[in-house]
Amino acid sequence: MNIILLGAPGAGKGTQASKIAEKYNLLHISTGDIFRANIKGGTPIGKVAKSYIDAGKLVPDEVTCDIVKDRLSKDDIQNGYMLDGFPRNVFQATELDKFAKIDLCVNIDVDLNLLQDRICGRRVCACGESYHVSTLNGATTCAKCGGELYQRADDNAETVKARLDTYQNQTAPLIEYYSKQGKLINIVCGTKTPNEVFELIAAELDKY
Ligand code: AP5
């Protein structure tokens, strides 16, 4: 099973991706994580990506599509994978259809008004775990691996506003794109907890 996780910044794609990967043994491929690893490593891709990410804009399609195409050419995708953060516009989705077979697109639908607080309050660990300050009770280390928690450089109010605008203008049209293909699963989250959201997603994936 090859799936796409779609949703606005802060909708909970990363949070749900860890749970889905564990339960369904799917490889988790996050373009945001790939770019952040490149930025940390000071690679040429990282240098290009940084200015776009800091501004809340999309990294150019040719860079992003090449990265995903290359990643999906590796042998370890055979048991299925989950794309988190790709595609992010109709051009990327059209390109993806040329080199991959996608079975389902899970859209995590959250009221955009909730997202500024969620993202600005997020603390992350290098192991991939993500937390919100409101539930950390002052802890500064990861409950899973003990690593130091930190705030992503693009998780500030100004960049978040630009990221949400980018989402509305460029990414939201993908809901209709995958609906027309008959592949869309829409998960309406309201104020449900991460575990409740996961139960809704799992109920749909289990049917498949
Ligand atoms: P990326 O890393 O993909 O970031 P994003 O899409 O903005 O999404 P986030 O990682 O911010 O949020 P999330 O949905 O994973 O939420 P999370 O689970 O952490 O991309 C970063 C940048 O890279 C982009 O802006 C762009 O520049 C570039 N990029 C990436 N892919 C690209 C592409 N394809 N093309 C071009 N450029 C690309 O949750 C957020 C917070 O909420 C956490 O604190 C969490 O604990 C909390 N939370 C989660 N679920 C719940 C819940 N149900 N209730 C309450 N709190 C919750």
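Does Leu26 count as open to solvent by less than 40 Å² (accessible area, probe 1.4 Å) and either modelled with pLDDT under 95 or within 20 Å of Val124 (Cα to Cα) (or both)?
No; evaluated as a whole, the condition is false for this residue.
What strands (runs of 3 or more DSSP E), lying completely within the range 81-128, carry at least 1 residues that are open to solvent by less than 60 Å² (accessible area, probe 1.4 Å) and more than 9 Å from the ligand (Cβ to nearest atom)? Working first, answer last.
Values: elements: 81-84, 104-109, 122-124.
Once the strands (runs of 3 or more DSSP E) in the range 81-128 are filtered for at least 1 residues that are open to solvent by less than 60 Å² (accessible area, probe 1.4 Å) and more than 9 Å from the ligand (Cβ to nearest atom), what remains is 81-84, 104-109.
Which ones in the range 53-80 are more than 23 Å from Asp165 (Cβ to Cβ) and exposed (fewer than 15 other Cβ atoms within 10 Å of the Cβ)?
Once the filter is applied, which keeps residues that are more than 23 Å from Asp165 (Cβ to Cβ) and exposed (fewer than 15 other Cβ atoms within 10 Å of the Cβ), the range 53-80 yields Asp66, Lys69, Asp70, Ser73, Lys74, Asp75, Asp76, Gln78, Asn79, Gly80.
Need pairs with beta-carbon distance below 7 Å; first residue free of Cβ contacts under 8 Å to residues at least 40 places away in the same chain and within the range 179-204, second assigned to a helix (DSSP H, G or I) and surrounded by fewer than 17 Cβ atoms within 10 Å (Cβ to Cβ); sequence gap 6+ or separate chains.
Hits for this filter: zero, empty list.
Taking only the range 185-208 into account, find how many residues are open to solvent by less than 50 Å² (accessible area, probe 1.4 Å) and either of a type in the set (A, V, I, L, M) or over 15 Å from Val110 (Cα atoms) (or both).
Residues in the range 185-208 being open to solvent by less than 50 Å² (accessible area, probe 1.4 Å) and either of a type in the set (A, V, I, L, M) or over 15 Å from Val110 (Cα atoms) (or both): 6 in total.
If we keep just the residues of the range 156-184 that are farther than 16 Å from Lys13 by Cα and in contact with a Lys or Arg (Cβ under 8 Å, 6 or more places away or on another chain), which is surrounded by the fewest Cβ atoms within 10 Å (Cβ to Cβ)?
Ala162
With the range 2-71 as the region, which helices (runs of 4 or more DSSP H) entirely inside it contain at least 1 residues that are within 6 Å of the ligand (Cβ to nearest atom) and not hydroxyl-bearing (Ser, Thr, Tyr)? Step through it out loud before you land on a result.
Details: elements: 13-24, 31-41, 44-54, 61-71.
Here the list reads 13-24, 31-41, 44-54.
Applying the selection to the range 185-206, what residues are assigned to a helix (DSSP H, G or I) and in contact with a strand residue (DSSP E or B) (Cβ under 9 Å, 6 or more places away or on another chain)?
Val197, Leu200, Ile201, Glu204, Leu205
Of the residues that make up the range 164-184, is at least one over 29 Å from Tyr52 (Cα atoms), touching a strand residue (DSSP E or B) at 6+ places or on another chain (Cβ under 7 Å) and more than 13 Å from the ligand (Cβ to nearest atom)?
Yes, because at least one residue in the range 164-184 is over 29 Å from Tyr52 (Cα atoms), touching a strand residue (DSSP E or B) at 6+ places or on another chain (Cβ under 7 Å) and more than 13 Å from the ligand (Cβ to nearest atom).
List the number of the failed condition for Tyr131; all other conditions in (1) assigned to a helix (DSSP H, G or I); (2) aromatic (Phe, Trp, Tyr); (3) closer than 26 Å to Asp54 by Cβ hold.
Looking at each condition in turn, Tyr131 falls short on (1).
Pairs needed: first member in the range 141-157, more than 20 Å from Lys19 (Cβ to Cβ); second member anywhere, of a type outside the set (S, T, N, Q) and part of a loop (DSSP other than H, G, I, E, B); C-beta distance under 7 Å; at least 6 residues apart or different chains.
Note: pairs meeting the criteria are Thr141/Gly147; Thr141/Leu149; Asp154/Gly56.
The values are calculated or read from the model by the stated rules, or taken from the named source; none is laboratory data. Fair warning: this is a prediction, and the values are worked out from it, not measured in the lab. Cβ coordinates were reconstructed from backbone atoms using ideal geometry, including for glycine residues, and neighbour counts include every protein chain displayed. Calculation scope for accessible area: heavy atoms of the full protein, side chains included, ligands and nucleic acids excluded. Shrake-Rupley method; radii C 1.70, N 1.55, O 1.52, S 1.80 Å.
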